[in-house]
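Worksheet: the structure to be examined is printed underneath.
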Amino acid sequence: MTTPDGKLTPVQHSIMQMAWDAGDMGVTVTGVWTRMDASRPIARTTAQNLLDRLFERRWLKRVKREDGIHYVAAVSKVTTEKGIASEFLDDYFDGSASKLVMSLLGAKRLRKEDLEYLRSILDKNPPGSK
């Protein structure tokens with residue numbers, strides 16, 4: 001799998017989400033432009049430039065089809081999420097997942113289902129075990 005350059009901005013992440021949702025069919029400039037323009041007006045060339053930059057940075061691949069160029073995710077959503085989470089931990093919690101969880105617990109941001117899931121993970125892999 002390819003290693004992309006740089007981090008994603010929120011707008012770039014939303015485009016990647018479109019590409020992940022589209023799967024192997026990918027997205028077109030017109031498709032991205034139409035979806036983005038519905039929430040805030042942008043020029044079609046802006047959508048083209050955003051897709052081109054993601055392609056140049058190896059986040060997207062270009063695939064030629066009969067109906068034109070399609071952009072397909074070159075990096076999986078899971079890989080991207082892991083990278084974003086890791087960067088977030090490093091940037092804000094000194095790389096400590098437990099500090100993040102404690103922060104969420106203190107802010108009461110975890111749902112009961114989330115707590116039960118975390119408990120099941122801890123029961124299977126208690127701290128200090130390998």
Q | Nearest-20 debye value, the chain charge dipole, Cβ charges on Lys, Arg, Asp, Glu | A | 80 debye
Q) Which angle from 0 to 90°, rounded to the nearest 10, does the C-alpha axis of helix 44-56 make with the longest principal axis of the chain? A) 60 degrees
(Q) I need the fraction of alpha carbon pairs in segment 10-73 separated by more than 19 Å, rounded to a whole percent. (A) 19 percent
**Q.** Furthest towards positive pole of dipole, 101, 120, 88, structure part segment 77-124, Cβ charges
**A.** 120
Q: Take every Cα-Cα distance within the chain, group them into 10 Å bins from 0 onward, and report for each bin the whole-number percent of pairs it holds.
A: 11, 32, 25, 21, 9, 1
Q. Using mean Cβ contacts within 10 Å as the protection proxy, how do 27-38, 3-14 order, highest first?
A. 27-38, 3-14
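Rule-based calculations on the coordinates, nothing more; no lab input. No experiment lies behind these values; they were computed from the predicted model shown. Counting neighbours? That spans all protein chains shown, and the Cβs are built from the backbone with ideal geometry, glycine included.
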